[in-house]
Amino acid sequence: MPHAAAKKKLRSGRVVNVFDPWSSPLCTCPLKYSLNPYTGCSHFCLYCYATAYIGVKPSTPKKDYKRRLLRDIESGILDPRLHIDIATSSDPYPPEEERYRLTRWTLEQLLPRGYKVLIITKGALVARDRDLLARGNAAVTMTITTMDTGLASRLEPGAPPPRERVRSLRLLHEAGVPVGLRLDPIFPELTDDEDSIREVLEAAREAGARFVVVSTYKARPDNLRRVLEAFPELRERYLRLYRREGRWLHGYYYLPDALRREILLRARRLAESLGYEFATCREGFPELHTAPTCDGSHLIPRRLEPRPRVGRLEDYLAQDPGQPRG
Ligand code: SF4
């Protein structure tokens, strides 16, 4: 189904949207939906791209979310052939999820009906939901930018430490949930050296990840300001690399092409040596990809056929997860 046709079928007031990465022609994602149970994000990553649109504020459940999601599902407008990303602009497992359980409720609605779901998160809490994820058409990609706890706490002050995320990946993998890694983004000078990249790749691989998507940091005025406030020693170099030598591409300052390619090739070489499938995100180098998709959606197993009427959740949870099909 073409993008416009999928979009047209949805209506205003919906919470499920056709994924549109700010219209970037460099995006190589397959056609898919995006669903964000929360707005704002308590992980407060300095480099967050979404804050230019939604501001910097803690995670809050979307207004009238449950009623709107049920309406989207029950109206039959969602094409079950397309997968649903949860989530693309507000992490689905912020600390608040422990209390609200909104993402868990979302999975309880979507997975027993046979929808395909790709979780994108930094929240170690995702492992809590492995009982649901392991029985449905679901995969998880975890973002880890560095294994250095101190550096991670400066870059992603509200997110769990990297070792907790790795532990969560392992728990999911052991439960039978396919998992991938987002090494996204890589920062020049901070996390682009061979040791830093290898450390993340090795930790996630050992925990069960077999796919990685990599990107370089792209600067927007608001996220660059936050990064330079936290790392004033990078000011001169970053302003030169991004503002003077780099390129303004589709709403972002990119690093110079040669440097970007060099970083991505380094990551690919290390990833391949560890047996990963490799992809990049909004970089414009699709020839570097060895994975069938750039977002990891090929990891989603086909365990259940789509079915409009959902049975009892207890029956869904009582199923033997077994081996994924497809
Ligand atoms: S977890 Fe994602 S949405 Fe949340 S602040 Fe970090 S980059 Fe932004």
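Nothing in this text is a laboratory measurement; each read-out follows from the coordinates by a stated rule. Keep in mind the model is a prediction, meaning the values are calculated, not measured. Counting neighbours? That spans all protein chains shown, and the Cβs are built from the backbone with ideal geometry, glycine included.
Observations on the model:
- Were the residues from R154 through R81 laid out at 0.36 nm apart, the gain over their Cα-Cα distance would be 22.3 nm.
- Cβ-placed point charges (K, R +1; D, E -1), dipole of the stretch 217-326 about Cα centre in debye, nearest 20: 400 debye
- Helix 221-230 axis, angle to the chain major axis (alpha carbon atoms, nearest 10°): 70 degrees
- Mean projection area, nm², convex hull over Cα of the chain: 15.4 nm²
- Rounded to the nearest 500, the 222 nm mean residue ellipticity of the chain from helices alone is -9000 deg cm²/dmol, with -39,500 (n - 2.57) taken per DSSP H run of at least 4 residues.
- Using alpha-carbon coordinates, inclination of helix 65-74 to the longest axis of the chain, degrees: 60 degrees
- Euclidean distance between Cα centres, the stretch 206-235 to the stretch 254-326, Å: 20 Å
- Dipole of the chain, positive end: most advanced residue of M147, T293, A87 [Cβ charges, Cα centre]: A87
- Helix 257-273 vs. the chain, principal-axis angle (Cα, 0 to 90°, nearest 10): 60 degrees
- Annotation: the antiparallel percentage among DSSP beta bridges lying fully within the chain is about 30.
- Gaussian network model of the chain, Cα within-10 Å springs - most flexible of L46, L172, L313: L313
- The distance between label points at A318 and E236 comes to 7.0 nm (points 7 Å beyond Cα on the Cα→Cβ vector).
- Here the simple spin-label model places points 7 Å from the Cα toward Cβ, and for E262 and R244 these points are separated by 1.7 nm.
- Mean projected area in nm² (Cα convex hull; one quarter of hull surface) for the stretch 7-88: 6.0 nm²
- Packing rank of 112-121, 194-203, 285-294, where each peptide gets the mean count of other beta carbons within 10 Å, highest leading: 112-121, 194-203, 285-294
- This model, with +1 at the C-beta of Lys and Arg and -1 at the C-beta of Asp and Glu, gives the stretch 3-297 a dipole about its Cα centre of some 1200 debye.
- Relative contact order of the stretch 3-297: 17 percent, from C-alpha pairs under 8 Å at least 6 residues apart in sequence.
- Fraction of the pair-distance distribution of the stretch 261-326 above 19 Å, Cα-Cα pairs, percent: 53 percent
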